[in-house]
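The values are calculated or read from the model by the stated rules, or taken from the named source; none is laboratory data. What you see is a predicted model, and the numbers here were worked out from it, not measured in a lab. Methodologically, a virtual Cβ is constructed for each residue, glycine included, from the backbone with ideal geometry; neighbour enumeration extends over all protein chains shown. Just the protein is used for accessible areas: all its heavy atoms, side chains included, with ligands, DNA and RNA removed. Shrake-Rupley method; radii C 1.70, N 1.55, O 1.52, S 1.80 Å.
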Amino acid sequence: MTSTTPRVTAPDGARRPARAPATGLVRLVASVAVAATASVAVAASVAVTAPVATAAPVAVAAPAVAPLAGAPATPPPARAAAVASPAVSTAAHVATIGWMPAVTDGATAGTTGRALDLQALRVTTTVPGTGIRYRAHVATVGWQPWRTSPDTIGTTGRSLRLEALQITLTGDAAARYGIEYRAHVAGIGWQPWRAEGAVAGTTGQGRAVEAVEVRLAPLPSVSTSAHVATIGWMPAVTDGATAGTTGRALDLQALRVTTTVHGTGIRYRAHVATVGWQPWRTSPDTIGTTGRSLRLEALQITLTGDAAARYGIEYRAHVAGIGWQPWRAEGAVAGTTGQGRAVEAVEVRLASRTRITATADTGMAAAAQGVFAGMGARRADLNLVLGDLSYEPIGREPAYCAMVRARVSGPTLVLAGNHEDVNIREGTIENFARCLPDRVGVTGAYGKDYWVDSGPVRTILISPSIALSTGTKTYRSGTAAAAWLTAAIRQARAEGRWVVVGMHLPCLTVGIHGCASHPELTDLLIRERVDLVLAGHDHNYSRSHQLGGTTGAPVVVDRDGQFVRGSGTVFAVVGNGGHEARTVGPQTALWAAVNGTNSPGGFVYGFADVDATTSQLSYRLVRTSGGTLTDGFTLTRP
């Protein structure tokens with residue numbers, strides 16, 4: 001079955017496919033579903049497959065729905081548009097074989113189970129005005145320059161393994177399709193599907209890509225219809241376009257937001273003048289009123305069902321006397337209440353959604369097993385273990401990894417703590433990295449200092465002040481490590497991504513160790529306005545308000561838990577992963593929440609849970625056993 005990916009808002013604001021493809025999604029329109037099959041061909045190095053013909057689109061009327069009492073009339077349907085079905089072609093050059101025969105529709109190009117390196121690739125398309133832009137990471141060479149089809153990437157005749165790749169689709173077809181690909185990596189197997197320039201494969205690990213699969217996917221969308229004063233129902237719009245009017249002082253009175261994604265629905269409600277909050281409704285029902293001249297003042301929208309695990313729904317309101325408000329997501333209120341202001345227009349879009357869990361100081365006892373079971377239940381895109389893993393001698397690493405894998409099926413990324421250093425040696429980070437390998441294609445030295453992009457989030461994991469076999473990095477000002485970290489942060493911010501930095505040794509803490517990493521590192525993170533910093537080491541839990549200033553003189557920027565991105569940095573210690581819980585010191589004005597064995601309500605074992613779309617990052621402490629503390633905050637873009 002062909003997988004499809006919704007058109008989403010990328011971190012830089014461009015409309016692109018999400019990085020995590022969704023199975024079974026189709027293009028969405030209001031009241032009309034357009035069926036179109038995207039056929040993907042993977043062809044030989046010279047032959048190019050022509051576009052595959054598709055059946056003419058069929059307009060399907062929306063199901064008849066009995067009107068609710070007082071509900072608005074049905075809005076007009078969106079206009080159906082024909083969707084072309086372009087073809088893409090890939091050829092693989094494999095060690096000892098050479099160029100292999102063509103494959104089609106996301107079938108395997110290359111080999112698996114034969115330990116044969118893939119050495120070169122050629123990806124082409126025959127769609128007029130459309131091209132493939134891609135590059136390869138090659139052994140002993142590194143990243144090659146970006147190339148465009150019909151040029152090949154990688155090498156031939158040099159016996160150099162291809163280790164990673166990035167592919168993007170450009171031109172006309174990119175407005176309707178995304179290009180998706182995945183790599184089969186030596187010692188790892190098939191990685192998750194990637195899309196639109198994300199890295200497939202690995203770098204810095206010496207692992208060969210052995211096979212790839214490439215496919216095109218149609219881009220579905222959400223559709224919004226607006227009922228406006230003196231106008232009535234306006235034509236439906238899609239993909240974040242404006243529904244309603246601006247600059248005309250016309251009240252929006254009703255809305256209809258629809259999706260035809262299988263097993264997925266829209267749940268939403270409106271705050272209406274003289275009525276207040278209406279009951280929650282599900283599409284295809286409308287919210288608001290018609291025929292009563294009542295302004296719609298606020299709304300909340302959520303995405304439910306199958307797609308909600310992979311995508312978020314984002315929306316914003318144009319409010320009389322205010323203008324466009326910031327984007328909201330997943331049930332947050334857009335508009336105003338109690339001010340008598342009308343919503344005049346709205347924009348609604350799907351957005352790539354990333355979920356990350358994080359813990360530290362785990363060990364292998366029952367509390368740690370419960371923490372990992374909770375992380376596994378979240379089915380996150382990334383699961384981070386921020387140092388001090390097994391607390392067992394060298395040789396026990398496989399047992400720890402087996403314990404984790406039995407509870408967490410998704411990608412688990414490990415990071416060195418002081419118990420994995422060259423002095424304590426309760427396991428080595430190299431051994432842990434072998435049995436919990438990189439499955440997502442990180443950049444850098446996995447287990448030590450590296451980063452990875454997942455949807456709208458860049459996660460950077462570092463090992464400051466940890467004595468590793470490769471040396472000790474402090475990240476002090478003027479060091480190469482500090483320059484590398486600064487560049488990774490600034491690149492991510494330039495691309496519009498949230499930035500999460502994880503490490504084992506914190507500096508700002510209420511734990512017994514005090515500042516265990518260099519203060520200049522924390523100064524750097526505050527200065528660069530990193531969104532969230534996660535650490536462990538102290539075997540307790542703490543979370544700061546949003547902070548500015550310096551390590552020596554921190555300043556609370558905001559303390560209400562509803563933070564604006566770019567105003568400051570939030571620091572959290574998530575050392576409540578299961579091993580030998582400890583006390584906390586006094587909760588000073590910097591801290592929103594602290595928890596230790598001396599805290600009222602008891603010690604909470606658990607993990608940090610981060611849920612991010614393009615416009616919003618939400619954080620919460622997930623309790624898996626122990627006390628009663630709850631904690632969380634939300635970051636939104638200004």
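A few comments on the model shown:
- Restricting attention to the range 453-471 and to residues that are part of a strand (DSSP E or B) and touching a helix residue (DSSP H, G or I) at 6+ places or on another chain (Cβ under 9 Å), the residue that is surrounded by the fewest Cβ atoms within 10 Å (Cβ to Cβ) turns out to be 468.
- When residue 197 is tested against (1) in contact with a Phe, Trp or Tyr (Cβ under 7 Å, 6 or more places away or on another chain); (2) closer than 24 Å to residue 492 by Cα, only condition (1) is not met.
- For the range 574-600, a residue qualifies if it is open to solvent by less than 50 Å² (accessible area, probe 1.4 Å) and over 25 Å from residue 419 (Cβ atoms), and the qualifying residues are 590, 591, 592, 593.
- For the range 136-146, residues that are buried (at least 16 other Cβ atoms within 10 Å of the Cβ) and in a strand (DSSP E or B) total 4.
- Selection of the range 282-301 for residues being of a type outside the set (Val, Ile, Thr), without any contact (Cβ under 8 Å) to a residue 60 or more places away in the chain and part of a strand (DSSP E or B) yields 296, 297, 298, 299, 300.
- Within the range 86-106, tally of residues that are hydroxyl-bearing (Ser, Thr, Tyr) and open to solvent by 70 Å² or more (accessible area, probe 1.4 Å): 2
- For residue 590, the conditions (1) under 30 Å from residue 350 (Cβ atoms); (2) in contact (Cβ under 8 Å) with a residue 60 or more places away in the chain are fulfilled apart from (1).
- Tabulated pairs, the range 480-493, first outside any helix (DSSP H, G or I), second surrounded by fewer than 18 Cβ atoms within 10 Å (Cβ to Cβ) and among the hydrophobic types (A, V, I, L, M, F, W, C), C-beta under 9 angstrom, 6+ apart or interchain: none
- Taking every residue in the range 424-445 that is among the hydroxyl-bearing types (Ser, Thr, Tyr) and pairing it with any residue that is open to solvent by 40 Å² or more (accessible area, probe 1.4 Å) and at pLDDT below 90, at least 6 positions away or on another chain, the pairs with Cβ-Cβ distances below 8 Å are 443/204.
- Note on the range 529-621: enclosed strands (runs of 3 or more DSSP E) holding 1 or more residues that are under 26 Å from residue 638 (Cβ atoms), in contact with an Asp or Glu (Cβ under 6 Å, 6 or more places away or on another chain) and not polar (S, T, N, Q) are 541-544, 591-595.
- All strands (runs of 3 or more DSSP E) inside the range 158-232 with 3 or more residues being open to solvent by 10 Å² or more (accessible area, probe 1.4 Å) and under 21 Å from residue 456 (Cβ atoms): 162-171
- Residue ID - most open to solvent (accessible area, probe 1.4 Å), chosen from residues in the range 552-566 that are touching a residue at least 40 places away in the same chain (Cβ under 8 Å) and out of contact with any helix residue (DSSP H, G or I) (no Cβ under 8 Å at 6 or more places or on another chain): 562
- For residue 531, the conditions (1) touching a residue at least 60 places away in the same chain (Cβ under 8 Å); (2) closer than 22 Å to residue 372 by Cβ; (3) charged (D, E, K, R) are fulfilled apart from (2).
- For the residues 337, 359, 354, the requirement of being modelled with pLDDT under 95, among the hydroxyl-bearing types (Ser, Thr, Tyr) and either surrounded by fewer than 19 Cβ atoms within 10 Å (Cβ to Cβ) or within 22 Å of the chain's Cα centre (by Cα) (or both) singles out 354.
- Candidate set from the range 505-536 (those that are out of contact with any strand residue (DSSP E or B) (no Cβ under 7 Å at 6 or more places or on another chain) and of a type in the set (D, E, K, R)); member that is least open to solvent (accessible area, probe 1.4 Å): 528
- The set of residues in the range 399-452 that are open to solvent by less than 40 Å² (accessible area, probe 1.4 Å) and acidic (Asp, Glu) comprises 420, 421, 438, 449.
- Note on the range 305-320: residues that are crowded, with 19+ Cβ neighbours inside 10 Å, without any contact (Cβ under 8 Å) to a residue 60 or more places away in the chain and not in a strand (DSSP E or B) amount to 0.
- Verdict on residue 502 being under 26 Å from residue 402 (Cα atoms), in contact (Cβ under 8 Å) with a residue 40 or more places away in the chain, buried (at least 23 other Cβ atoms within 10 Å of the Cβ) and of a type outside the set (A, V, I, L, M): yes
- Residue 547 being at pLDDT 95 or above, under 24 Å from residue 468 (Cα atoms) and open to solvent by less than 40 Å² (accessible area, probe 1.4 Å): no
- Residue that is surrounded by the fewest Cβ atoms within 10 Å (Cβ to Cβ) [pool: residues in the range 147-157 that are of a type outside the set (A, V, I, L, M, F, W, C) and outside any loop (DSSP other than H, G, I, E, B)]: 148
- Within the range 422-447, being of a type in the set (Asp, Glu) and either at pLDDT 95 or above or not in a loop (DSSP other than H, G, I, E, B) (or both) holds for 426, 430.
- Across the range 253-265, not a single residue is classified as at pLDDT 95 or above, surrounded by fewer than 24 Cβ atoms within 10 Å (Cβ to Cβ) and not in a strand (DSSP E or B).
- Residue count for the range 220-235, restricted to those that are farther than 16 Å from residue 327 by Cβ and modelled with pLDDT of 95 or more: 11
- Candidate set: the range 321-330, residues that are open to solvent by 20 Å² or more (accessible area, probe 1.4 Å) and of a type outside the set (A, V, I, L, M); chosen: the one farthest from residue 297 (Cα to Cα): 330
- Scanning the range 118-129 for residues that are assigned to a strand (DSSP E or B), open to solvent by 20 Å² or more (accessible area, probe 1.4 Å) and modelled with pLDDT under 90 yields a single hit, 125.
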